[in-house]
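The values are calculated or read from the model by the stated rules, or taken from the named source; none is laboratory data. All figures in this text were calculated on a predicted structure; none of them were measured in a lab. Using ideal geometry, Cβ is built from the backbone for each residue, glycine included, and neighbour counts are taken over all protein chains shown. Just the protein is used for accessible areas: all its heavy atoms, side chains included, with ligands, DNA and RNA removed. Shrake-Rupley method; radii C 1.70, N 1.55, O 1.52, S 1.80 Å.
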Amino acid sequence: MAENNQPNIPEVFLSPYNPEAHEDTLYAMWNDSGYFNPDNCVKDGIADPEAEPFSIVLPPPNVTGTLHMGHAAMLAIEDILVRYHRMKGHRTLWLPGTDSAAIATQSKVEKIIQKEEKKSRHDLGREELLRRVDAFAEESKETIIGQTEKMGSSLDWSRYAFTLDEQRYHAVMTAFVNMFNDGLIYRGDRIVNWDPKGQTTISDDEIVYEERQAKLYTFKYSQDFPIAVATTRPETKVGDTAVAVHPDDERYKKYIGQTFDFTFCDVPVSVQIVADSEVDPEFGTGAVGVTPAHSKTDWDIADRAGITRRPQIINEYAKMTVEGRLNNLKTTVAREEVVKWLEEEGLLKSVEDIKQNVSTAERTGGIIEPLPKLQWWINVNKKFTQKHSEIPGIESGSDVTLKELMIAAVENDGVSILPERFERVYYNWITNLNDWCISRQIWYGHRIPAWYKGDEMKVQIESPGDDWEQESDTLDTWFSSGLWTFSTLGWPEQTDDLKTYHPTTVLETGYDILFFWVARMILMSGYHLGQVPFKNVYLHGLVRDSQNRKMSKSLGNTLDPLDMIAKYGADATRLSLIVGAAPGNDMPLSEDKVRAYKKFANKLWNISRFVLTSIADADWEQELQLSERDEEILKELRMKIAEVSEDIEKFSLYLAAEKAYHYVWHDLADKVLEESKPILNGADTAVRFARQYVLKECLVASLKMLHPFMPFVTETVWQHAPEAIKDQKLLMVAKWPN
RNA sequence: GAGCGAUUAGCUCAGCUGGUAGAGCGCUACAUUGACAUUGUAGAGGUCACAGGUUCAAGUCCUGUAUCGCUCACCA
């Protein structure tokens, strides 16, 4: 038996598998091989020059921080797909990058500076702040890249992209100018979502609603005013220009068209009674005080009523800009002041406690103050001519809107979203979509390429001359992110990469950024290239703890991927994030689960040791005579490989991983290996050799099958296995079995 | 207010196009120092949320109810 061959077994197998001892070396080895880059795979014959391309562009992590479990899950899923397709011989590209995340990064750096130096960005000035943010981003970038490598991600670092690097800058500017020239980008004076804390506008999607207790005040503007109105924000009433009632409301019909002038809390106010069918006669008093400058709804009512006077009475710092007792008060203080005045005047009729949804800014938590502002917008409802289209349902040369284009892409199966139910969520969002506000009053990001001289304005990439001043606003970070699938491939240049790898095969990301990002990529790619940017969208869920709670610092239930890697290895961390995690479902994760997969890595290690020991003396040239049982084992192996392959192709990674796991542990180890022991010890050399052959086949195929899921332990075994049983020096580029 | 999803073993979840229930972890008992104690074998444990319906047959399809969760909208 094998004892006389023990010396042939590398010493490494004599102790349990120790991930720490191998992972960094292996990653360096893979990276140095150059095979993360598909060009090298083609050059060395691993992929055919004509082979089908498979491409994923990595959702670029923000340069604000460090890797969390969500990132780890994303990297695991994408790396599995990529390694599988690379082994299948496809021209496989996984392109890495990082995102400047304008608002998030700038506000983080501002916070640090405020804390450490007690200075605001205005104390530093634009240039100095940008220098600081750049330095922070650079440092953070290094951290993120290092952590990404720890997970075993087989990313092509030679194509690394950063949203603010020169190539991407060029793409963003080109995109802006083209859309402006097509009339899809315009500058407009409208109500925006102003974040007084972040001192910038934000888009509708960056608002989060928080339920809070509020008071609903019912009052009359003056003793002579015939109608009482209700509001939660009495301080805004100094900016009212109308009171809207339902046109059929018998109580108020007679007043429609009348105008009332009075002084409200020291401020002269003129209010016209108007009819608007949007008003609900059942709510409050059935009459709405209309403050056009500080409410989107009211702005629209004023529009419909033809009221043009829209006094702004709150500034960017959420302070009152009127004269009198409210002058320069913060809105919250002014509110109390107005209520006090209403009581003094005997105008307050009732105060009621109600629950109210307050709009807050996602990034800063600041309470949104709607203000009228001159901003840059993307018009989603304007027709333009789509010169070239590969989008199903959209003819080249036809006139479409961005909305139509976004719907067509999904409706006609230009892209399939997984799980499917998110397609409905996507339609729902588009139906409610309004023009997208893309300008931000922050400094870190892509500065809008508009130039001003007096009343003149030009939109172009280069400055028209020294006497022209550039727009100070920057672009919403999702504008540049929307271009990501093709800006990373060299657009606007018609590069080989762009031709080969776009549209990309898969976009894999969290369902929480379906609107922010996925929808905007479809918009941008549709408009600029006439292509749907990806054939498949795989949406993963949120990583939760074992009790299905959100991981949060305050709950103290967070798991740090780097800790898990240090304790249990990257392979175990990856598997724990894959098994039981169907797309679109949240993923429960506990340390026990990670530990369980570390056991599996060790199990595989021991299986390998046993098989390698048992086949060490085999001469593969001799004649092979398989028994019926041998054939059966091989057949089961092939069936399992077929199942696992099919599941990966269908993106059912959670099933593929579990099946491969189950096969290796409970079929191969528990059954095949156990029943082989007497045969290997037996005297019949032909029977013994046949079984050696079978075990070799099972081991090689199992290592390959598990490699996408657990790249490190499988590659470690491979590196210590005899050359005679390998088809490639690196398991990473060995041929996928079938 | 609208839409969507979930409800299956103590816990976390599979169960795809319908044929009388599965995995992992946990639990119990036993075994095991020649691949592996990061092990093996065996076992207990479920009226598949509830009520109807379609069907020869329903966790699996349809309708309704309840509870939980998510997303979107937001009315002063």
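Computed values, structure above
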| read-out | value |
| --- | --- |
| Which listed residue, of A:Lys349, A:Lys373, A:Lys340, is open to solvent by 30 Å² or more (accessible area, probe 1.4 Å), under 23 Å from A:Ser107 (Cα atoms) and not in a loop (DSSP other than H, G, I, E, B) | A:Lys373 |
| Any hit, region A:686-696, residues being modelled with pLDDT of 90 or more, within 44 Å of the chain's Cα centre (by Cα) and among the β-branched types (Val, Ile, Thr) | no |
| Any hit, region A:143-154, residues being more than 23 Å from the chain's Cα centre (by Cα) and on the phi < 0 side of the Ramachandran plot | no |
| Subset of region A:263-284 [more than 12 Å from RNA strand B (Cβ to nearest atom) and in contact with a Pro (Cβ under 8 Å, 6 or more places away or on another chain)] | A:Ala275 |
| Residue list for region A:68-86, filter: open to solvent by 10 Å² or more (accessible area, probe 1.4 Å) and either at pLDDT 95 or above or over 16 Å from A:Pro583 (Cβ atoms) (or both) | A:His68, A:His71, A:His85 |
| Output for region A:444-479, where each listed residue is β-branched (Val, Ile, Thr) and farther than 21 Å from A:Leu124 by Cα | A:Ile448, A:Val459, A:Ile461, A:Thr477 |
| One residue from A:Glu462, A:Glu423 being of a type in the set (D, E, K, R) and within 16 Å of RNA strand B (Cβ to nearest atom) | A:Glu423 |
| Pairs where the first residue, in region A:418-433, is on the phi > 0 side of the Ramachandran plot and open to solvent by 60 Å² or more (accessible area, probe 1.4 Å) and the second is at pLDDT below 85 and part of a helix (DSSP H, G or I), C-beta under 7 Å, 6+ apart | none |
| Lone qualifier among A:Asn327, A:Asn315 - being free of Cβ contacts under 8 Å to residues at least 60 places away in the same chain, surrounded by 14 or more Cβ atoms within 10 Å (Cβ to Cβ) and more than 13 Å from A:Ala244 (Cα to Cα) | A:Asn315 |
| Among the residues listed as A:Ser627, A:Ser614, A:Ser608, the single one being of a type in the set (Gly, Ala, Ser) and within 44 Å of the chain's Cα centre (by Cα) | A:Ser608 |
| Selected residue (criterion: farthest from A:Val687 (Cα to Cα)) from residues of region A:617-643 that are hydrophobic (A, V, I, L, M, F, W, C) and at pLDDT below 90 | A:Ala642 |
| Region A:232-268, residues that are open to solvent by less than 60 Å² (accessible area, probe 1.4 Å), touching a strand residue (DSSP E or B) at 6+ places or on another chain (Cβ under 6 Å) and under 20 Å from A:Trp299 (Cβ atoms) | A:Thr232, A:Pro234, A:Lys237, A:Val238, A:Asp240, A:Ala242, A:Val243, A:Ala244, A:Val245, A:Pro247 |
| Flag if A:Glu128 is part of a helix (DSSP H, G or I), touching a residue at least 24 places away in the same chain (Cβ under 8 Å) and not aromatic (Phe, Trp, Tyr) | no |
| Residue among A:Ile227, A:Ile144, A:Ile185 that alone is touching a helix residue (DSSP H, G or I) at 6+ places or on another chain (Cβ under 7 Å), open to solvent by less than 10 Å² (accessible area, probe 1.4 Å) and at pLDDT below 95 | A:Ile227 |
| Among the candidates A:Trp491, A:Trp478, residue that is open to solvent by 10 Å² or more (accessible area, probe 1.4 Å) and in a helix (DSSP H, G or I) | A:Trp478 |
| Members of region A:382-393 found to be open to solvent by 20 Å² or more (accessible area, probe 1.4 Å) and touching a helix residue (DSSP H, G or I) at 6+ places or on another chain (Cβ under 6 Å), listed by number | A:Gly393 |
| Selection within region A:633-682 - within 9 Å of RNA strand B (Cβ to nearest atom), open to solvent by 60 Å² or more (accessible area, probe 1.4 Å) and either of a type in the set (S, T, N, Q) or over 40 Å from the mean Cα position of the chain (by Cα) (or both) | A:Asp670, A:Lys671, A:Glu674, A:Lys677, A:Asn681 |
| Qualifying residue in region A:309-321 (condition: touching a Ser or Thr at 6+ places or on another chain (Cβ under 6 Å), of a type in the set (Val, Ile, Thr) and part of a loop (DSSP other than H, G, I, E, B)) | yes |
| Close pairs (8 angstrom Cβ cut-off, 6 or more residues apart or separate chains): closer than 21 Å to A:Glu210 by Cα in region A:341-360, more than 11 Å from RNA strand B (Cβ to nearest atom) anywhere | A:Asp353/A:Gln213; A:Ile354/A:Gln213; A:Lys355/A:Gln213; A:Gln356/A:Gln213; A:Val358/A:Ile367; A:Ser359/A:Ile367; A:Thr360/A:Gly366; A:Thr360/A:Ile367 |
| Among the candidates A:Gly97, A:Gly45, residue that is out of contact with any helix residue (DSSP H, G or I) (no Cβ under 7 Å at 6 or more places or on another chain) and open to solvent by less than 20 Å² (accessible area, probe 1.4 Å) | A:Gly97 |
| Residues of region A:459-469 that turn out to be within 25 Å of A:Tyr444 (Cβ to Cβ) and open to solvent by less than 40 Å² (accessible area, probe 1.4 Å), as a count | 2 |
| The listed residue being in contact with a Leu (Cβ under 9 Å, 6 or more places away or on another chain) and among the acidic types (Asp, Glu), out of A:Asp248, A:Asp261, A:Asp266, A:Asp195 | A:Asp266 |
| Residue satisfying condition, being at pLDDT 90 or above and either away from RNA strand B (no atom under 15 Å from the Cβ) or more than 30 Å from A:Gln106 (Cβ to Cβ) (or both), within set A:Asn428, A:Asn381, A:Asn412 | A:Asn381 |
| Whichever residue in region A:1-44 is modelled with pLDDT under 95 and assigned to a loop (DSSP other than H, G, I, E, B) and, among such residues, is farthest from RNA strand B (Cβ to nearest atom) | A:Pro10 |
| Every residue from region A:220-249 that is touching a Pro at 6+ places or on another chain (Cβ under 9 Å) and either more than 30 Å from A:Trp194 (Cα to Cα) or within 11 Å of RNA strand B (Cβ to nearest atom) (or both) | A:Asp240, A:Val245, A:His246, A:Asp248, A:Asp249 |
| Residue in region A:602-619 that is assigned to a loop (DSSP other than H, G, I, E, B) and either more than 14 Å from RNA strand B (Cβ to nearest atom) or touching a strand residue (DSSP E or B) at 6+ places or on another chain (Cβ under 7 Å) (or both) present | yes |
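For every residue, the table says whether it meets (1) within 8 Å of RNA strand B (Cβ to nearest atom); (2) open to solvent by 50 Å² or more (accessible area, probe 1.4 Å); (3) assigned to a helix (DSSP H, G or I).
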| position | (1), (2), (3) |
| --- | --- |
| A:Asp563 | no, yes, yes |
| A:Ala572 | no, no, yes |
| A:Ala582 | yes, no, no |
| A:Asn585 | yes, yes, no |
| A:Val594 | no, no, yes |
